[in-house]
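The values are calculated or read from the model by the stated rules, or taken from the named source; none is laboratory data. Predicted model, so just to flag it, every value in this text is computed and none were measured. Note: ideal-geometry Cβ built from the backbone for every residue, glycine included; neighbour counts use all protein chains shown. Accessible surface is based on the protein model in full, side chains and every heavy atom, while ligands, DNA and RNA are left aside. Shrake-Rupley method; radii C 1.70, N 1.55, O 1.52, S 1.80 Å.
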Amino acid sequence: MPVRIVLAEDQPIVRKGIGMLAQAADVEVVAQVNSVDEIAIAVGQFKPDVLVTEVRLGGQDALKSLEHLPENQTPRVIVFSSFGNPTNIARASALGAYEFILKTANEDFLFHAIKAAAEGKSTPDDSLLVTTKTRMRKSSRLSTDSPLTNRETQVLRHVSMGLKNREIGKSLGISVETVKEHVQNILRKLDVNDRTQAAVWAIRNEFI
């Protein structure tokens, strides 16, 4: 039985290419969507094994839509994107994606990941998501004289990568309110005014 996927992609040539290759890989594209608003609708209607999505669709944030997928029907998610900056990878990880694959990858790599996701396999250790998550959640401090606690260190790494409070909470398994408290403590301890200044401090101190 083929793996059933919903493909969220706004470039016609990419949609056509994946559609043509899917059948030979024993993968069925049950729906194609090209806007953020259509993702949750298609997932709810077709109940795919895997959602394959770009980071942005039509200039909108497609990753944000992952927070609004039907809770009892959420498929595993593979982000297949041209936008491979660290922030996008970190956000995909925080939002529970299975894998992040760049569009420069071989098609066999993509379809292997789709099948592995559908079979419930663990994300490979060398995955962009796993290596990013490991770095983001690393609890050790930069130095013994760091003013931050281990948890504040973790939160600062997430802040420096551009994640929002809700995404940080999902990544670390803590509430949004707790994230806000940690962020306030970080700003106070580093004597900075906002998240941007905290991120600059982290970069200057080779924190990320």
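Only helices enter the 222 nm calculation for the chain: every DSSP H run of n ≥ 4 contributes -39,500 (n - 2.57), and dividing by all residues gives -14000 deg cm²/dmol, rounded to 500. Once the 1.4 Å probe is applied to the protein heavy atoms, segment 49-164 comes out at 47 Å² accessible per residue. Look at the dipole of the chain built from charges on Cβ: of 13, 39, 128, the Cα furthest out on the positive end belongs to 128.
Which whole-number percentage describes the relative contact order of segment 42-128, with Cα contacts under 8 Å and a sequence gap of 6 or more?
Working: 107 pairs, mean separation 24.7, N = 87.
Value for segment 42-128: 28 percent.
Of 97, 105, 117, the residue with the greatest mean-square motion in the GNM of the chain, using alpha carbon springs below 10 Å, is 105. The stretch between residue 181 and residue 60, if pulled fully straight at 0.36 nm per residue, gains 40.6 nm over its current Cα-Cα span. Taking 41, 114 and ordering them by how much accessible surface each has at a 1.4 Å probe, largest first, produces 41, 114.
Heavy-atom accessible area for residue 83, with the other protein chains in place and a 1.4 Å probe, reaches approximately 90 Å².
Counting only C-alpha contacts under 8 Å and six or more residues apart, can you give the relative contact order of segment 106-202 as a whole percent? Don't skip to the answer; put the middle values down first.
Numbers: 71 pairs, mean separation 20.9, N = 97.
Answer for segment 106-202 is 22 percent.
Note on the chain: with neighbouring protein chains present and a 1.4 Å probe, carbon and sulfur make up 48 percent of its accessible heavy-atom surface.
Pairs of Lys residues in the chain that lie 8 or more places apart, or on two chains, and have C-alpha atoms under 16 angstrom apart add up to 10.
Given +1 at the Cβ of Lys and Arg, -1 at the Cβ of Asp and Glu and no other charges, the dipole of the chain around its Cα centre is 600 debye to the nearest 20.
What's the FRET efficiency of residue 13 with residue 102 using the Cβ-Cβ distance as r and R₀ = 22 Å, to the nearest 0.05? Please report the intermediate quantities before stating the final value.
Values: r = 17 Å, r/R0 = 0.75.
So the FRET efficiency works out to roughly 0.85.
Label sites at residue 109 and residue 135, each approximated as a point 7 angstrom past Cα along Cα to Cβ, lie 1.7 nm apart. In plain terms, the chain from residue 194 to residue 150 could stretch by 13.8 nm, reckoned as 0.36 nm per residue minus the Cα-Cα distance.
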